[in-house]
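The values are calculated or read from the model by the stated rules, or taken from the named source; none is laboratory data. Computed from a predicted model, the values in this text were never measured in an experiment. We place every Cβ from the backbone using ideal geometry, glycine too, and count neighbours over all the protein chains shown. Note: accessible area is taken over every heavy atom of the protein model, side chains too, but ligands, DNA and RNA are not part of it. Shrake-Rupley method; radii C 1.70, N 1.55, O 1.52, S 1.80 Å.
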Protein chains: 4
Amino acid sequence: MNWLKTSIMHTRGVARGEIGKLHELSEERQGTFHYTIGPYSNPVMSISPGDKVIIDTMDAYEGKLRTEKDLPSEHLRVPFLNPQNGPIMVNGAEKGDVLAVYIESMRPRGENPRGTTCLIPRFGALTGTDYTAILNAPLPEITRKVDLDEEGVYWSKRVQLPYKPHIGTLSVSPEIDSINSLTPDNHGGNMDVPDMGPGSITYLPVRSPGARLFIGDAHACQGDGELCGTAVEFASRTTIHVDLIKGWMIDWPRLETEDLLMTIGSARPLEDATRIAYKELVLWMAAEYGFDQWDAYMILSQVGKVRLGNFVDPKYSVGAAIQKQYLQP
Amino acid sequence: MNWLKTSIMHTRGVARGEIGKLHELSEERQGTFHYTIGPYSNPVMSISPGDKVIIDTMDAYEGKLRTEKDLPSEHLRVPFLNPQNGPIMVNGAEKGDVLAVYIESMRPRGENPRGTTCLIPRFGALTGTDYTAILNAPLPEITRKVDLDEEGVYWSKRVQLPYKPHIGTLSVSPEIDSINSLTPDNHGGNMDVPDMGPGSITYLPVRSPGARLFIGDAHACQGDGELCGTAVEFASRTTIHVDLIKGWMIDWPRLETEDLLMTIGSARPLEDATRIAYKELVLWMAAEYGFDQWDAYMILSQVGKVRLGNFVDPKYSVGAAIQKQYLQP
Amino acid sequence: MNWLKTSIMHTRGVARGEIGKLHELSEERQGTFHYTIGPYSNPVMSISPGDKVIIDTMDAYEGKLRTEKDLPSEHLRVPFLNPQNGPIMVNGAEKGDVLAVYIESMRPRGENPRGTTCLIPRFGALTGTDYTAILNAPLPEITRKVDLDEEGVYWSKRVQLPYKPHIGTLSVSPEIDSINSLTPDNHGGNMDVPDMGPGSITYLPVRSPGARLFIGDAHACQGDGELCGTAVEFASRTTIHVDLIKGWMIDWPRLETEDLLMTIGSARPLEDATRIAYKELVLWMAAEYGFDQWDAYMILSQVGKVRLGNFVDPKYSVGAAIQKQYLQP
Amino acid sequence: MNWLKTSIMHTRGVARGEIGKLHELSEERQGTFHYTIGPYSNPVMSISPGDKVIIDTMDAYEGKLRTEKDLPSEHLRVPFLNPQNGPIMVNGAEKGDVLAVYIESMRPRGENPRGTTCLIPRFGALTGTDYTAILNAPLPEITRKVDLDEEGVYWSKRVQLPYKPHIGTLSVSPEIDSINSLTPDNHGGNMDVPDMGPGSITYLPVRSPGARLFIGDAHACQGDGELCGTAVEFASRTTIHVDLIKGWMIDWPRLETEDLLMTIGSARPLEDATRIAYKELVLWMAAEYGFDQWDAYMILSQVGKVRLGNFVDPKYSVGAAIQKQYLQP
């Protein structure tokens, strides 16, 4: 019985009668972090569907921006950014299945946890970049360190931001490609969708044996679009449950919370990411909720919700969503 | 004293001590509706800053889709779509000012009000269009009539949608261009931003003498992006207050509600609309709320909100917003 | 008999037995130049199909950049750029016809003719712009004056460029819109296609009574894309023949030279401009040259040619072409 | 002495006094072809700078479309498309070098050589795709087989196309990513630039030890943009010379023929690919040909050439070029 994709969230606890084994993936156990997501790296752990894993993620800079004097151009080097834990192998997973990742909690690590935001040269939405190639001088580099806890993010004397953590990068392996951890695509990757926080389930299309789950890039807080290129990046202790849905063919990642269903597309230009997401949502409503395709298309024109994940990464990510209240039979 | 752009909404009632004169713009008084927004049409009415106008808008099809058997290709003809009331001249308005339009209320007209959604050939987000030109066969044409009142939109036995009205098209005249009412741009136009409903103030940059206000395209309900190309289009009785802010130079439309400030960009591709909107918001925060520009840029990366107006019109519209709570001194 | 669209160029001389009347449109006769292309301006002249007109165009800056010390930001003001001659009324033209404009010659005006190129702030392909809105500092402003004659453009001691003149902006009026002369669209406008020089015929879809022909923006030389935003802009004496093709419905401008057929699309993003152009070419090959549609599509995949007109204007323009040798029966 | 990047083509023969060793990479020796380009596959051969290699490439369908009855959806499976020979290791190559690949000749293989073009569902420029996701029905599938030899491509009784062969896909390995052979990027990949034929040199930025050269995807003929998604794909015998330029840092592929210099960008949307290409060309002219950067920018606005490689692959490829005549000191 497939509680994950058909039930509201509070019933997920009965998924398999009980939660399976508990694993822990500390920094030490992880050892080498990964900057590319694919089928060629050595597994760090194997788990079974239903298991729970506590994961210590590093921040997106691998902790190299220690003070506000540490500038990105001096301490960071592409493509060695956005370190990922994993790959975690899931027993029994094979092409044609879906991996369901429920995020139970995300907590800051360390005694005096801090988050880090920065302006990286030629990266961000309001600057020329390596792709939107221009001749203008780059923006200034800035590194910003902020205190945070589970009550808030203390940006400045004037401004306090909420602590609304989510996972920026969540992936299974592509079939044959290995894709840098900065780029989202149909395997997941660096989607930066703020809804992917505690209480959400993300569905990822398995394309290689064991699924090969990668996870990282915790954000304490992020606005729509991740405007300047970085969120409040922090080192997290993230607890997930992992389940496997056999024989559910999906093309792009999907997400579910207590209130909504979301499909996620990643592409450029931004309208293509949005088209992908909404098309997948039309197909989902038609395939599993009994809507005529054209009716679903027209209903989403009236109540569809769009979440801009990022429009700064090599591909942009968009979530298209519908509230579950409209899906009741 | 300029309550409009500096105060929260509940103080707007003290704008000018009292609301000015009340005008009514019925269908009869409007006579000929307009399909292009520019400086060449004859004014329908002159008002003073502070005045209130009750406007009877037609639906975006000018009422030509009377039953579900009336297909768009037989009853509609480009560019004679999206009829606009106006132009309303505002005394004293001149280039370099801002017109502030507060929407007091939007009510359905007629005894048994209905809304209309349709699939128009080569129009909408999940189809080839005149711009995204392809050789695939077009989607089917569908006309959908739904009952509605101020409690809801009665889509089907299964699905009831909320009544959340907003104005799809709100404009002042460009300086020398006359732009069809399907296209949004920096003069306003067909932005289709769902936040532009009762309780909101829209700020438009005056570019010609008298501002020349146009308004139309009432939606009873619309999702982010207006996916299929049309909302629940309906004939409305819309009440607005109009005020003039002298000497406020803005490049693109802005919007304010009790809770948030929003800037609106319209362009293709969609990332450019988003860039415009967010850049304007950075500049607004820096110019009027005392933020350092780079600090504003980084804060919006954490708490900025994006509203996709439409990604179906000749230009796409995006609102970038920040909640007022983050702007407090 | 319709020589224009069915014959190769050397037969055009027999179009109507003989060329009609000769008209001259000097600067004095033009009087006020136009910055917007639409149905609302007063005609400057009426001609008959088959007539010939000698037109004195101004450069795109209306002659305001007289020396290299004249900076764009001080001497130019949007939207008063790219002055157009016209509108020239063509007797008998009505919606559903095509206006054919054959360019006989383009000569520099004045005794010591010069061309002008410049870098305009936030305009050009390798800079942030009003649409690709960024926070980077703008590029420097530069005004460059160069001598030219019909033998060449004398850029510097080191570099001599060819004299390959063409018309940057050629239009008929839209049906109800009036569009600034910087923007190309399906009415023609600022396409900046280098093939639109002496020896070419441009076909424009008539949408208003009399067609209302506008012309301007002569370029002595221009690369693909008009990279920095401006070509070698010059004041020209341009001689055109104008003909009318009754009852030929086309959606976008088309162009013919002795060797090739070209269709022109204008849109953003650039792939949409290219899609439009190529789709129109497929349709043209199918409608008038006897190709199966899918065969035309696949043949263009092997021998289609793409000309990037500009990717700097509010819409980008692309020409898709096929050499006539492949069209022979 | 570095003849390759500083000399015109006819001097290349003296590159290293003499051409080095001759290698042959037959289908048998290749054994397993590759569908992903990265650092994880086993080398098939090692060569030295200056060596020559004769390579037997397979067509982009790996020969699976044998007759016109073999439909793509039945015989092809993503991502197992566009098989690549290699990786060929080049002795001494390391990050920061450039690999120069001179194409000496391309000949059809087999006794009665044929080329194959096809329409693949949801692939091509004038159709909805997996990225430009729409709900329209797909185009028909068509497989087209054509005879060819070094004199021409015999499309139909009516139409003969030229034999103008080029290599569609040419790559070195990315540093850590492994990218499917359908996608071009800054490592090269599926650029589909028709100039990459016999007589051209392509410069690729080495990013991993040994460079890891991959090659495949021979086209007998291809139009600008590869409109329908496929060229006249054929199995070739391709002869290349490979040289190594130590310490030349370039970010994107470059190309040189006897007449022109070209830089190649790959991105979406298409304007970004064009921006990348032109920016690289400005930088090249400034770094190695003594031009002031702004002068180069303005000169390319007058004589720059754009070649649209493809606008059908996951990233689009554009070449920006300048004729060498303008580069003379």
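Some points to look at:
- Filtered residue count, the stretch D:137-173, keeping only those that are over 25 Å from D:Arg122 (Cβ atoms) and basic (Lys, Arg): 3
- Among (1) buried (at least 22 other Cβ atoms within 10 Å of the Cβ); (2) over 20 Å from C:Ile37 (Cα atoms); (3) not aromatic (Phe, Trp, Tyr), the one test that C:Ile245 misses: (1)
- Residues that are away from chain A (no Cβ under 14 Å), outside any strand (DSSP E or B) and β-branched (Val, Ile, Thr) within the stretch B:220-252 comprise just one, B:Ile250.
- The residue of the stretch C:299-329 that is surrounded by the fewest Cβ atoms within 10 Å (Cβ to Cβ), among those that are facing chain D (nearest Cβ under 9 Å) and polar (S, T, N, Q), is C:Gln328.
- Any chance B:Gly63 is more than 12 Å from every other protein chain (Cβ to nearest Cβ) and not in a strand (DSSP E or B): yes
To keep it simple, each residue is scored yes or no on (1) open to solvent by 50 Å² or more (accessible area, probe 1.4 Å); (2) acidic (Asp, Glu).
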position: D:Thr32; (1), (2): yes, no
position: D:Ile37; (1), (2): no, no
position: D:Tyr40; (1), (2): yes, no
position: D:Ile47; (1), (2): no, no
position: D:Gly50; (1), (2): no, no
position: D:Asp56; (1), (2): no, yes
position: D:Asp59; (1), (2): no, yes
position: D:Glu68; (1), (2): yes, yes
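- Hey, C:Thr263 surrounded by 24 or more Cβ atoms within 10 Å (Cβ to Cβ), within 24 Å of the chain's Cα centre (by Cα) and facing chain D (nearest Cβ under 8 Å) or not: no
- Of all the listed residues (B:Glu233, B:Glu175), the sole one being among the acidic types (Asp, Glu) and within 19 Å of B:Leu308 (Cα to Cα) is B:Glu233.
- Test: residue in the stretch A:224-242 that is at pLDDT 95 or above, within 28 Å of B:Asp192 (Cβ to Cβ), under 15 Å from the mean Cα position of the chain (by Cα) and open to solvent by 10 Å² or more (accessible area, probe 1.4 Å): no
- Yes/no for B:Pro209 being open to solvent by 10 Å² or more (accessible area, probe 1.4 Å), away from chain A (no Cβ under 14 Å) and outside any strand (DSSP E or B): yes
- Residues in the stretch B:71-127 that are outside any strand (DSSP E or B), surrounded by fewer than 21 Cβ atoms within 10 Å (Cβ to Cβ) and hydroxyl-bearing (Ser, Thr, Tyr): B:Ser73 only.
- In the stretch B:162-206, the residues that are within 13 Å of chain C (Cβ to nearest Cβ) and of a type in the set (Asp, Glu): B:Glu175, B:Asp177, B:Asp185
- Taken over the stretch D:47-62, the criterion of being in contact with a His (Cβ under 9 Å, 6 or more places away or on another chain) and farther than 22 Å from D:Asn190 by Cα is satisfied by D:Ile47, D:Gly50, D:Asp51, D:Lys52.
- Residue count for the stretch C:260-315, restricted to those that are closer than 24 Å to D:Glu233 by Cα and among the hydrophobic types (A, V, I, L, M, F, W, C): 11
- Hey, A:Ile215 of a type in the set (Val, Ile, Thr), within 21 Å of A:Ala100 (Cβ to Cβ) and not in a strand (DSSP E or B) or not: no
- From the list A:Ser181, A:Ser171, A:Ser208, the lone residue that is under 18 Å from A:Ile276 (Cβ atoms), touching a residue at least 40 places away in the same chain (Cβ under 8 Å) and of a type in the set (S, T, N, Q) is A:Ser171.
- In the stretch C:86-136, the qualifying residues are those that are within 24 Å of C:His166 (Cβ to Cβ) and among the aromatic types (Phe, Trp, Tyr), and the one that is farthest from the other protein chains (Cβ to nearest Cβ) is C:Tyr102.
- Number of positions in the stretch A:137-158 that are more than 14 Å from chain C (Cβ to nearest Cβ), open to solvent by 20 Å² or more (accessible area, probe 1.4 Å) and in a strand (DSSP E or B): 5
- Considering (1) within 13 Å of the chain's Cα centre (by Cα); (2) at pLDDT below 95, the lone condition that C:Trp248 does not fulfil carries the number (1).
- Test: C:Ala296 is open to solvent by less than 10 Å² (accessible area, probe 1.4 Å) and in a helix (DSSP H, G or I): yes
- A:Leu255 meets each of the listed conditions (1) in a strand (DSSP E or B); (2) more than 9 Å from chain B (Cβ to nearest Cβ); (3) farther than 14 Å from A:Lys324 by Cα apart from (3).
- When the stretch A:266-290 is limited to residues that are aromatic (Phe, Trp, Tyr) and open to solvent by less than 10 Å² (accessible area, probe 1.4 Å), the one that is nearest to A:Glu24 (Cα to Cα) turns out to be A:Trp284.
- Cβ separations smaller than 9 Å between residues 6+ apart or across chains give the following pairs from the stretch A:87-104 residues that are at pLDDT 95 or above to residues that are surrounded by fewer than 15 Cβ atoms within 10 Å (Cβ to Cβ) and outside any loop (DSSP other than H, G, I, E, B): A:Ile88/A:Ser46; A:Met89/A:Ser46; A:Val90/A:Ser46; A:Asn91/A:Ser46.
- For the stretch A:283-316, filtering for residues that are in contact with a Leu (Cβ under 8 Å, 6 or more places away or on another chain) and over 18 Å from B:Gln160 (Cα atoms) leaves 8.
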